[in-house]
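A.B. asks: Input: one structure, supplied below.
The values are calculated or read from the model by the stated rules, or taken from the named source; none is laboratory data. Keep in mind the model is a prediction, meaning the values are calculated, not measured. Ideal geometry is used to build each Cβ from the backbone, glycine not excepted, and the neighbour counts take in all protein chains shown. Only protein heavy atoms, including side chains, enter the accessible area calculation; ligands, DNA and RNA are left aside. Shrake-Rupley method; radii C 1.70, N 1.55, O 1.52, S 1.80 Å.
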Amino acid sequence: MVTGQGDSHAQETHARWAVVMTVREPVALVEANVRWHLAAGAHEVFVFLDDPQDSGAARLSKIKGCHVQLCDAAYWTQRRPQKGRPPSQMRRQTINANVAQRRTDAAWLFHIDADEFIWQDGDLGAELALLTDPGTELNLPVLERLFPQEEAPHVFAGAFRVTGDLSEADAARAYAPFERFMKRGQYSHGAGKSGVRVGAGLRLGVHNATVRRGDTWRRAPKQVSRSARLLHFDGLTPLHWAMKFLRYRMTSSQVQSAILQPHRAAQIEWMMDRCNTMAQIEAAHRTLFALDPARVAQLSAFDLLAEVPFDPQQIIGVDLSPAAFDADLLVRNPWLSELLDAG
């Protein structure tokens, strides 16, 4: 991938693209994400650390092409002098994404999460160079990871469930008995994530972009990428999956109602009814995510299972074992250990 400015022919055939994310995750995951995207052709990566005391800041700042922003009180006062830090994580993500849009010198900017990785079947930069309408966002369709039945060698092992727009009857056959926990066949989101042409007047949201029409912001026109998809790891380990849900429950009901869709709220209620110990968390996780023969048959019958040779640990050379990841997770979230001990 060409990121320099001296080759005019390369600029004609490739558009520079960048990535932005707001994170509160173990540094191994964030570093894997940053290094993966830089190696895959991203011109730069913007990392907004939601925890201003994040111990990974210095480590990430040493990566060439990675721009780190601590989202401390001073940062939020500058952004919102009267209101400060927004209580909604989605609002914080949106603000940060558009701060990055003003800072980047790339032609396109994609807004993702730390547990999402852009996988290119073709050349994303070449596809972007051919897009002529600056007011149209480029959507990356999402694939959601499912876990192998055997012990995972690293936190990215497994296969992927393809997003599907099935009839109600087919969805019941493909996803039963958990179709009520899903949207377009995904436990997390089926919307994917989007990129926008920088400076074209589009505002990046969490999943989609908006454009001003008169006095209101409306959904921008969308084109689905032909060259790239989004790999989503909805919980890198069973503990990570549980932590995400438990953190949702610690937010106010007002924030929950604003950010949780019905299928996600149903998952949380299901989990809270049966996950008081680590053994129960692991059992519930296997029930939802394990690639047992029955689930493989269900998904394969509708062509909804994909194998993707994804292993970023080959790039970054750090310990991405489940045990190391969970150890970091517990250090960063002592409340999680206390809750499990109490259970």
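A.B. asks: Answer yes or no as to whether residue 102 is within 13 Å of residue 20 (Cα to Cα), assigned to a helix (DSSP H, G or I) and without any contact (Cβ under 8 Å) to a residue 40 or more places away in the chain. Please lay out each step first, then the result.
C.D. replies: Numbers: within 13 Å of residue 20 (Cα to Cα): yes; assigned to a helix (DSSP H, G or I): yes; without any contact (Cβ under 8 Å) to a residue 40 or more places away in the chain: yes.
Taking the combined requirement at face value, the residue satisfies it.
A.B. asks: Please identify the pairs in which a residue from region 66-90 that is in contact (Cβ under 8 Å) with a residue 12 or more places away in the chain and within 23 Å of residue 247 (Cβ to Cβ) has its Cβ atom under 8 Å from the Cβ atom of a residue that is assigned to a helix (DSSP H, G or I) and open to solvent by 40 Å² or more (accessible area, probe 1.4 Å), counting only partners at least 6 apart or on another chain.
C.D. replies: What qualifies is 68/61; 85/73; 88/258; 90/258.
A.B. asks: Go through region 291-315 residue by residue and tally those that are open to solvent by less than 60 Å² (accessible area, probe 1.4 Å), assigned to a loop (DSSP other than H, G, I, E, B) and of a type outside the set (A, V, I, L, M, F, W, C).
C.D. replies: Matching residues across region 291-315 total 3.
A.B. asks: While we're on this one: Among (1) surrounded by fewer than 17 Cβ atoms within 10 Å (Cβ to Cβ); (2) more than 20 Å from the chain's Cα centre (by Cα), there is one condition residue 76 misses while meeting the rest; what is its number?
C.D. replies: (1)
A.B. asks: For region 189-196, does any single residue satisfy the condition of being open to solvent by less than 20 Å² (accessible area, probe 1.4 Å), assigned to a loop (DSSP other than H, G, I, E, B) and touching a Ser or Thr at 6+ places or on another chain (Cβ under 8 Å)?
C.D. replies: Scanning region 189-196, I find at least one residue that is open to solvent by less than 20 Å² (accessible area, probe 1.4 Å), assigned to a loop (DSSP other than H, G, I, E, B) and touching a Ser or Thr at 6+ places or on another chain (Cβ under 8 Å), so the answer is yes.
A.B. asks: Of the residues 68, 2, 23, which is open to solvent by less than 10 Å² (accessible area, probe 1.4 Å) and either modelled with pLDDT of 95 or more or among the β-branched types (Val, Ile, Thr) (or both)? First the steps, then the outcome.
C.D. replies: Values: 68 fails: open to solvent by less than 10 Å² (accessible area, probe 1.4 Å); 2 fails: open to solvent by less than 10 Å² (accessible area, probe 1.4 Å).
When all the criteria are applied, what remains is 23.
A.B. asks: Oh, and also: Being open to solvent by less than 20 Å² (accessible area, probe 1.4 Å), in contact (Cβ under 8 Å) with a residue 12 or more places away in the chain and farther than 20 Å from residue 174 by Cβ: is that true of residue 281 here?
C.D. replies: Working: open to solvent by less than 20 Å² (accessible area, probe 1.4 Å): yes; in contact (Cβ under 8 Å) with a residue 12 or more places away in the chain: yes; farther than 20 Å from residue 174 by Cβ: yes.
Judged against the criteria, residue 281 is a match.
A.B. asks: Still on this model: Starting from residues that are surrounded by 17 or more Cβ atoms within 10 Å (Cβ to Cβ) and out of contact with any strand residue (DSSP E or B) (no Cβ under 8 Å at 6 or more places or on another chain), keep the ones in region 132-159 and report whichever is modelled with the highest pLDDT.
C.D. replies: 155
A.B. asks: Here is a follow-up. Filter region 224-243 down to residues that are farther than 21 Å from residue 140 by Cα and not in a loop (DSSP other than H, G, I, E, B) and give me whichever is most open to solvent (accessible area, probe 1.4 Å). Show your work before the answer.
C.D. replies: Residues of region 224-243 that are farther than 21 Å from residue 140 by Cα, as a first pass: 237-243.
Filter again for not in a loop (DSSP other than H, G, I, E, B), leaving 238-243.
Details: 238: 35, 239: 7, 240: 0, 241: 3, 242: 1, 243: 1 Å².
Step by step, filter region 224-243, then rank; the result is 238.
A.B. asks: Picking from 82, 93, which residue would you name as being open to solvent by 20 Å² or more (accessible area, probe 1.4 Å) and out of contact with any Leu (no Cβ under 6 Å at 6 or more places or on another chain)? Before you say what the answer is, go through the steps one by one.
C.D. replies: Details: 93 fails: open to solvent by 20 Å² or more (accessible area, probe 1.4 Å).
Going through 82, 93 in turn, just one is open to solvent by 20 Å² or more (accessible area, probe 1.4 Å) and out of contact with any Leu (no Cβ under 6 Å at 6 or more places or on another chain): 82.
A.B. asks: Looking at (1) within 13 Å of residue 237 (Cβ to Cβ); (2) in contact (Cβ under 8 Å) with a residue 24 or more places away in the chain; (3) among the hydrophobic types (A, V, I, L, M, F, W, C), find the lone condition where residue 323 falls short.
C.D. replies: Of (1) within 13 Å of residue 237 (Cβ to Cβ); (2) in contact (Cβ under 8 Å) with a residue 24 or more places away in the chain; (3) among the hydrophobic types (A, V, I, L, M, F, W, C), only one is false for residue 323: (2).
A.B. asks: Here's a follow-up. Within region 26-39, count every residue that is hydrophobic (A, V, I, L, M, F, W, C), closer than 17 Å to residue 118 by Cβ and open to solvent by less than 20 Å² (accessible area, probe 1.4 Å). Explain how you work it out, then say what you get.
C.D. replies: First, the residues of region 26-39 that are hydrophobic (A, V, I, L, M, F, W, C): 27-30, 32, 34, 36, 38-39.
So of that shortlist, the ones also closer than 17 Å to residue 118 by Cβ come out as 29-30, 32, 34, 36, 38-39.
Narrowing further to those that are open to solvent by less than 20 Å² (accessible area, probe 1.4 Å): 29-30, 32, 34.
Number of matching residues: 4.
A.B. asks: Within the bounds of region 210-232, is there any residue that is without any contact (Cβ under 8 Å) to a residue 60 or more places away in the chain and either under 24 Å from residue 300 (Cα atoms) or touching a Cys at 6+ places or on another chain (Cβ under 8 Å) (or both)?
C.D. replies: Initial filter on region 210-232 (without any contact (Cβ under 8 Å) to a residue 60 or more places away in the chain): 210, 212-219.
Applying the additional criterion that residues be either under 24 Å from residue 300 (Cα atoms) or touching a Cys at 6+ places or on another chain (Cβ under 8 Å) (or both) yields none.
So far as region 210-232 goes, no, none of its residues is without any contact (Cβ under 8 Å) to a residue 60 or more places away in the chain and either under 24 Å from residue 300 (Cα atoms) or touching a Cys at 6+ places or on another chain (Cβ under 8 Å) (or both).
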